[in-house]
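Student: Please find one structure pasted underneath; my questions will follow.
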Amino acid sequence: MNTVKEYTLPVKGMNCASCAITIKNTLKKVDGVINCEVNYGNEKIKLEIDNNKTSISELSKKIEPFGYSINDIDSNTHVMSDGTVMSNHDMHKGMDHSEHLGLNQTKEDKLKELDRQRRKINIVMPITLITFFLMMWEILSLTFTSIPKFPLDMQIYQSIALIVSTYVLFSIGGEFLKEVITFIKYRVANMYTLVGIGTLTSYIYSAIIVLFPSIKESLGFPDTVYFDVTIIVIGFIYLGKFLETRSKLKTSEAIEKLVNLQSKKALIERDGVEIELDINDVKVSDIVIVKPGNRIALDGIIIEGNSTVDESMITGESIPVDKSINDLVIGGTINKQGSFKFKVTKLQSETLLSQIIKLVDEAQGSKAPIQALADRISEIFVPLVLIISVISLLIWIFIGSMFMPFEQALSLGILCFTGVLVIACPCALGLATPTAIIVGTGKAASHGILIKNAESLEKLYKVNTIVTDKTGTITKGELEVNDIYSLNNDYSDKDIIQLLASLENKSEHPIALSILNKSKELNLELLNTTNFKILEGKGLRANIDDIEYYAGNIKLVNDLKLKTDSLNKRVDINELTNTGKTLVYLFTKKEIIGLVTVSDTLKDNALETVSKLHKLGIKVIMLTGDNLNTAKYIAKLANIDEVIADVLPKDKALIIKELQSKGNIVAMVGDGVNDAIALAQADVGIAMSNGSDIAIESASITLLKGDFSKVLNAIRLSKFTIRAIKQNLFWAFLYNIIGIPIAAGLLYPFGILLNPIFAGLAMALSSVSVVSNSLRLKFAKLN
């Protein structure tokens with residue numbers, strides 16, 4: 001029995017990117033942990049563990065001393081009220097997908113955290129603003145004679161400031177002090193540790209000056225105190241975290257909307273009686289009744305009635321779709337008109353909507369390669385900042401005192417020590433990539449573009465060559481029979497269609513469907529076949545009435561070394577193929593009996609999409625198993641750059657590999673089934689889906705409804721997302737590269753010194769600006 005399991009679970013207690021690093025490094029050392037990834041952006045941990053060696057609860061205990069915990073909503077087994085033990089698989093069948101992903105719990109936790117922060121903000125911000133006003137009044141009154149002198153006696157003001165800062169630090173700022181204690185006990189530090197050490201230092205220094213004037217006099221300390229630094233820094237940091245938490249809630253709105261599309265109830269018909277059931281009590285093959293305006297509960301097939309269904313929330317297509325008997329319906333979509341009944345084909349956990357939610361959730365939790373640098377820096381960031389802050393203090397004390405009185409050097413050293421600790425912000429680095437990925441993949445899902453992971457999104461940004469299949473990708477894939485040629489007097493045109501339809505009956509190829517449709521149109525009865533066999537890339541064979549018949553392309557005709565003289569006398573093959581027609585031959589081992597032509601038409605938006613891809617500098621290549629002339633005809637209509645035809649499915653991957661060997665970054669667009677090997681070989685595999693039978697395993701990206709124009713949308717989105725990530729990383733790096741040296745006093749010789757108060761404000765705004773920049777992706781135009 002395989003005891004290795006994967007879990008994706010919420011983590012509580014994280015307040016910055018270095019927290020994620022601490023959790024990861026701690027848990028990776030535990031025996032039984034195979035893989036561990038922590039995402040600060042969505043506050044989740046992805047674990048692969050051996051349940052024989054460890055458990056989620058044990059891992060949670062490992063990180064609890066540092067102030068973190070794993071929300072074990074998806075434990076290995078669950079004990080039910082009746083004492084039975086239920087596995088993950090069984091549990092997930094009996095819960096909605098939001099519970100399965102932990103979305104309800106994390107949203108509730110985040111709202112509680114936001115409310116807790118709001119209550120603290122309501123207390124600390126008035127104090128902060130008043131203190132800031134008084135501080136600026138004092139500074140400006142000493143600088144400009146036109147401004148009235150500070151109204152309070154300085155000793156009285158300092159005493160009031162001591163009382164207020166004591167309350168703010170030990171009540172409001174208690175979380176920072178807890179992190180200082182954790183740092184002393186376990187040598188584990190994060191952003192809160194830096195803020196705690198900085199504000200505590202400024203408070204203790206100032207308290208000594210006010211409470212112990214004799215010590216101040218004996219050491220020659222100036223009267224300057226920094227209670228305002230303690231108050232205002234804590235106020236600004238809390239304001240920044242509040243705004244960050246509120247902004248992060250908005251980044252996950254897309255997946256939350258998808259979850260909210262899931263129905264809780266369904267109207268079922270059983271034994272002629274209508275009953276409303278909980279969605280988890282519905283079974284496969286149950287008959288569901290859908291009335292006008294109702295949301296369709298599950299995936300299924302219409303068995304009675306017809307209607308128009310709004311599928312925009314799933315596929316991104318704004319135009320409602322007409323539905324009738326035998327048509328598929330998707331759970332989560334809305335019935336606009338008419339009533340109908342459908343037979344359930346998939347349970348809640350197996351529906352297209354559930355697959356989309358799972359895929360989007362996994363993508364939002366994944367890491368793009370571009371994040372690797374930020375992760376490496378975040379890992380050493382906090383220890384490095386602690387070292388820099390101490391060095392800056394020591395430099396001021398030992399070197400600064402050579403150029404100024406020791407008391408002044410010490411005072412400035414403490415100011416710079418605090419400033420470095422306060423301005424340093426690993427949060428901006430930690431949020432730069434995941435917030436953009438979360439918003440980008442969520443926006444993609446709302447447009448019918450399902451992205452498997454962040455790596456695919458980053459690779460798509462670099463793509464310079466798109467290789468596309470023909471049938472069903474560039475063309476509509478709705479083939480029709482055009483011409484029927486009988487080459488043997490013993491067989492009529494109807495005989496040709498009847499034989500071909502009988503042979504093609506077991507095939508799901510679009511050409512087979514077109515011939516079957518023609519036989520239905522002519523009311524022809526299908527004949528029994530035996531010894532059926534598909535001949536890959538060439539056609540098929542089967543026996544009918546003890547005669548071995550073949551249906552296929554010219555390659556199969558040539559394999560059997562059949563003469564084409566009688567065919568060439570009747571038909572101009574080049575003329576047929578030059579006009580985009582595909583030829584299907586009917587023959588035995590001895591002779592060609594007949595020929596049928598079928599044709600497809602270009603998708604309405606194919607030419608426009610290819611033209612826009614060209615404007616992005618992307619080369620488009622058609623790769624098809626169809627005949628060269630037919631492929632060239634379609635390629636010319638779509639303005640495609642290059643055609644590679646007559647290719648067997650197994651050889652498509654080799655061609656992709658050859659293109660890659662020449663330095664091309666290749667995206668392959670195909671149907672996700674026949675092109676599975678090529679999709680896997682490509683740098684980015686893009687599967688065209690019909691919206692209900694989604695092929696997401698072999699592709700990195702899936703386009704719902706098989707809309708080729710969404711390829712362009714996906715590429716544009718990737719460019720917007722990676723651009724946002726680069727902007728976020730640039731500002732996060734620039735902020736720290738410039739801010740920390742200034743806070744350390746590097747520019748003091750030029751009269752510039754960064755007060756910790758403004759350092760705290762800058763730090764708070766840095767994280768908010770990164771998240772806000774990522775949220776701009778919501779408004780990016782993809783069309």
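Student: Relative to the longest principal Cα axis of the chain, at what angle does helix 406-423 sit, 0 to 90 degrees, rounded to 10?
Tutor: Compared with the principal axis, the helix lies near 20 degrees.
Student: Past 30 Å, Cα to Cα, is the threshold; run 336/619; 248/323; 615/778 against it and keep the listed order.
Tutor: 336/619; 248/323
Student: Among 381, 492, 405, pick out the residue whose Cα is farthest towards the positive end of the charge dipole of region 380-502, where Lys and Arg carry +1 and Asp and Glu carry -1 on C-beta, about the Cα centre.
Tutor: With unit charges placed on the Cβ atoms, the residue in question is 405.
Student: In the chain, if the dipole is taken from +1 on Lys/Arg beta carbons and -1 on Asp/Glu beta carbons about the Cα centre, which of 663, 760, 203 is farthest to the positive end?
Tutor: After comparing all options, I get 203.
Student: Keeping all protein chains in the complex and leaving out DNA, RNA and ligands, what accessible area do you get for residue 632 with a 1.4 Å probe, in Å² to the nearest 10?
Tutor: Accessible area of residue 632: about 110 Å².
Student: Now for a separate question. What does the accessible area per residue of the chain come to in Å², with a 1.4 Å probe and no ligands, DNA or RNA counted?
Tutor: 45
Student: Compute the helix-to-body angle for 628-638: its Cα long axis versus the longest principal axis of the chain, expressed 0 to 90° and rounded to tens.
Tutor: Once rounded, one gets 50 degrees.
Student: Carbon-plus-sulfur fraction of the accessible area of the chain, 1.4 Å probe, in percent?
Tutor: It is 55 percent, rounded to a whole number.
Student: Let me ask something additional. To the nearest 10 square angstrom, what accessible area does residue 415 show with a 1.4 Å probe?
Tutor: Surface accessible to solvent at residue 415 totals approximately 20 Å².
Student: In what sequence, largest accessible area first, do 778, 257 appear using a 1.4 Å probe?
Tutor: So, going from the largest accessible area down, we get 257, 778.
Student: Here's something else I'd like to know. Name the residue from 290, 439, 623 whose Cα lies farthest towards the positive end of the charge dipole of the chain, charges +1 on Cβ of Lys and Arg and -1 on Cβ of Asp and Glu.
Tutor: Farthest towards the positive pole: 439.
Student: Between the helical axis of 174-186 and the dominant principal axis of the chain, each derived from Cα atoms, what acute angle in degrees is found, rounded to the nearest 10?
Tutor: The angle comes out at about 90 degrees.
Student: About the Cα centre of region 283-347, how large is the charge dipole given +1 on each Lys and Arg Cβ and -1 on each Asp and Glu Cβ? Please answer in debye to the nearest 20. Show your work: numbers first, answer last.
Tutor: Numbers: 8 positive and 8 negative charges, 55 e Å.
About 260 debye.
Student: Note down the magnitude of the dipole of region 622-664 about its Cα centre, charges +1 on Lys and Arg C-beta and -1 on Asp and Glu C-beta and zero elsewhere, to the nearest 20 debye.
Tutor: Charge dipole of region 622-664: 80 debye, to the nearest 20.
Student: A follow-up question, please. What share of the DSSP beta bridges in the chain is antiparallel, in percent to the nearest 5?
Tutor: Restricted to the chain, the bridges split so that about 80 percent are antiparallel.
Student: With Cα extents along the principal axes in Å in mind, check (1) 80, 76, 61; (2) 103, 54, 48; (3) 122, 62, 54 and report the label derived from this structure.
Tutor: Of the listed options (1) 80, 76, 61; (2) 103, 54, 48; (3) 122, 62, 54, (3) comes from this structure.
Student: Sorting check: for 8-17, 191-200, which peptide has the highest mean count of neighbouring beta carbons within 10 Å, and how do the rest follow?
Tutor: In descending order of packing, they fall as 191-200, 8-17.
Student: Shifting gears a bit: When the Cα centres of region 323-371 and region 150-203 are compared, how far apart do they sit, in Å?
Tutor: Measuring centre to centre over Cα atoms gives 51 Å.
Student: Here's another thing I want to ask about it. What do you reckon, how do 406, 133, 242 stack up by accessible area (1.4 Å probe), largest on top?
Tutor: 133, 406, 242
Student: Could you order peptides 285-296, 34-45 by the average number of other Cβ atoms within 10 Å of their residues, highest first? Write out the running numbers ahead of the final one.
Tutor: Numbers: 285-296: 17.2, 34-45: 21.5.
The most tightly packed comes first, giving 34-45, 285-296.
Student: Could you name the lysines in cross-link range of residue 61, using Cα to Cα under 20 Å and dropping any fewer than eight places away on the same chain?
Tutor: Straight-distance partners of residue 61: 5, 12, 24, 28, 29, 44, 46, 53, 178, 185.
Student: Let me ask something else about it. Packing-wise, with mean Cβ within 10 Å as the measure, how do 62-68, 496-502 rank, highest first?
Tutor: Values: 62-68: 18.1, 496-502: 23.0.
So the peptides 62-68, 496-502, ranked by packing, come out 496-502, 62-68.
Student: Note down the magnitude of the dipole of the chain about its Cα centre, charges +1 on Lys and Arg C-beta and -1 on Asp and Glu C-beta and zero elsewhere, to the nearest 20 debye.
Tutor: That gives the chain a dipole magnitude of about 1880 debye.
Student: Quick check on my link table: of 283/476; 62/452; 346/612; 358/459; 662/719, which ones sit more than 27 Å apart, alpha carbon to alpha carbon? Don't skip to the answer; put the middle values down first.
Tutor: Numbers: 283/476 35 Å; 62/452 31 Å; 346/612 38 Å; 358/459 21 Å; 662/719 23 Å.
Long pairs (Cα-Cα over 27 Å): 283/476; 62/452; 346/612.
Student: Compute the distance from the alpha-carbon center of region 438-488 to that of region 610-674, in whole Å.
Tutor: The distance from the Cα centre of region 438-488 to that of region 610-674 comes to 12 Å.
The values are calculated or read from the model by the stated rules, or taken from the named source; none is laboratory data. For clarity, every value in this text was computed on a predicted model and none was experimentally measured. In this analysis, Cβ positions are derived from the backbone assuming ideal geometry, glycine residues included, and neighbour counts consider all displayed protein chains. Surface areas here come from the heavy atoms of the whole protein model, side chains and all, with no ligands, DNA or RNA. Shrake-Rupley method; radii C 1.70, N 1.55, O 1.52, S 1.80 Å.
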